[in-house]
Each structure stands twice: as structure tokens, then as C-alpha cells.
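**Student:** Can you read through this structure? Questions will come right after.
Laboratory data are not the source of any read-out in this text; all were calculated from the coordinates shown. All of these numbers come straight from a predicted model, not from anything done at the bench. No Cβ is skipped: glycine too gets one built from the backbone with ideal geometry, and neighbour counts run over all protein chains shown.
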Amino acid sequence: MTGSRFALYLLPPYPLARDIAEVHSMLRKQFGFAAADRFPVHCTVKGFFKKNEKPVDRLVEELDAFFTDRGPLPVSIENQRVDPIGFGLSLLNLDGKPNQPFLKLREEVVEIILPYIADDCDFREHDLGHPYHPHITFAFRDIPNELYENVFAWLAPAPEMTGQFSADTYHFLEFFSDDWPGNWWETIRWRLIRSWRLEERA
């Protein structure tokens, strides 16, 4: 397959993004894990999708309308997320329970984007075929499972990354890779198409 893919991300606030970017950089330097460091620090709202023939400008207009007059939501880092292809920080819960307003925002974004997804989209099943678990990735794809324990022990002195923050900054991006059917993360590149900054509502 050729062509680009698109995604919509939530960006964490600067201090948190800075600490996570430091972890990305250190994991690249000390362990050779480079995949996560090729992305902006983010929580995926709508993951990679291959677009159909509908114009991207029209989708951006719909997303503009969606984010207009919408205030930020509280999200919280309360747990780690660890799975067979990577690990990071979970944003699923708020005060110990699933963060329903943020999960609803994800559902509404998916409803907007669905008509723009190509029938042969190679990421449809991965992104929409499983329950949504919002998270911020530390490392993925290029980390062997048998190294997890040693990496976690090495990361123990890293900055504390827990607590709430305001989900107020969202990015819509276009991604490029030389090998979408294969190890796409090894050559991933991206450009920012649109950014939204949500303000508290009176």
C-alpha cells in the first residue's frame, strides 16, 4: 500500500510532554527503542486511518465545527498500560472509574471520521476492532517482551507522572511511511494539518 495515513491526537501539557519526551529520548539512547520517539508525545483519540476519495479539507471543517465552543475535559494518569507490543501511561480512568466524558468524545470523533475511512484501510481492525484504551506510549513495536522487567527497573527513578490534567489541545496529523504493509514505524514521518486549543467555558 502507498499513500498517507491520518490521525487525531490529544497533546498533554508542556511539563508532562517534556518529561515523557525525556523518557523517549533516554530509551532511544540507552536501549535503542526509537519508535515512540518518532511521534509527538500524545494520547491517540482516533488512530491511523487511510482516507477515501473525500477531501481532507471537508473533514477538517467537520472537526472544526466539533471543537468549536467545546471546553476541555479533565483526564488523569492513574495506572500504567502494559501490553505485548509496548507500555506507557493509561488515561482510561478518572478518580478510579472509566472517564466517560473522554470516552464519549472519542466516540463522537470516530463518528465524524468514519465516512472518510477507505474500505481497504489497513488500520481499521486494529483501531476500531478493539475496546478503546486511551494512553500515552513510552515504547512500542521495537521492544522485546523479555526486556520489560529490566526496563521498568531502570525507569524507576524517572519523574513521577500521575495525576489529572486538562485535555485542551488536539492535533490532526498526516503520516507518511515507506513501508505501510511492513515495519511502518521505522520510517514514519508526519506533518501537522490542524490544531485546536479548547478554552474553559463560562
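**Student:** Find how many whole Å separate the alpha carbon centroid of region 8-37 from the alpha carbon centroid of region 112-184.
**Tutor:** Here the two parts' Cα centres lie 12 Å apart.
**Student:** Another one. Note down the net charge around Leu11, summing +1 for each Lys or Arg and -1 for each Asp or Glu among other residues with Cβ under 11 Å from its Cβ.
**Tutor:** Surrounding charge for Leu11 is 0.
**Student:** Moving on to the next point. Within the chain, how many Lys pairs sit with Cα atoms under 29 Å apart, leaving out pairs fewer than 8 places apart on the same chain?
**Tutor:** 6
**Student:** Taking amide hydrogens as modeled 1.01 Å from N in the peptide plane, which residues meet the under 5 Å criterion relative to Phe123, leaving out close sequence neighbours?
**Tutor:** Hits under the 5 Å cutoff: Lys50.
**Student:** So if I restrict to the alpha-carbon atoms in region 5-197, what is the Rg, and what is Dmax, the biggest pairwise distance, in Å?
**Tutor:** Both quantities, over Cα of region 5-197: 16.5, 49 Å.
**Student:** For Leu63, what charge total do you get from the other residues with a beta carbon under 15 Å from its beta carbon, if Lys and Arg give +1 and Asp and Glu give -1?
**Tutor:** Residues near Leu63 contribute -1 overall.
**Student:** Okay, next question. Provide the per-residue ³J(HN,Hα) series for region 121-130, in order, calculated from phi with Karplus coefficients 6.51, -1.76, 1.60 and θ = phi - 60°, each as a whole number of Hz, with x at glycine and proline positions.
**Tutor:** 4, 7, 10, 4, 5, 5, 8, 10, x, 9
**Student:** Largest first and in whole Å, give the semi-axes of region 33-118's equivalent ellipsoid, each being the square root of 5 times a Cα gyration tensor eigenvalue. Show your work: numbers first, answer last.
**Tutor:** On the way: eigenvalues 132, 75, 25 Å².
Gyration-tensor ellipsoid for region 33-118: 26, 19, 11 Å.
**Student:** Hey, what number do you get for the chain at 222 nm if only DSSP H runs of n ≥ 4 count, each worth -39500 (n - 2.57), divided across all residues, to the nearest 500?
**Tutor:** -8500 deg cm²/dmol
**Student:** I would also like to ask the following. HN-Hα J couplings of region 82-98 from phi, Karplus 6.51/-1.76/1.60, θ = phi - 60°, integer Hz, Gly and Pro as x?
**Tutor:** After applying 6.51 cos²θ - 1.76 cosθ + 1.60, I find 10, 9, x, 10, x, 8, x, 10, 7, 10, 5, 9, 9, 6, x, 10, x Hz.
**Student:** Same structure again: Could you give the size of the charge dipole of region 5-197 about its Cα centre, using +1 on the Cβ of each K and R and -1 on the Cβ of each D and E, expressed in debye and rounded to the nearest 20?
**Tutor:** 340
**Student:** Please arrange Leu94, Leu10, Leu192 by counting, for each residue, the other beta carbons lying within 10 Å of its beta carbon, fewest first.
**Tutor:** Numbers: Leu94 18, Leu10 23, Leu192 11.
Taking fewest neighbouring Cβ atoms as first place, the list is Leu192, Leu94, Leu10.
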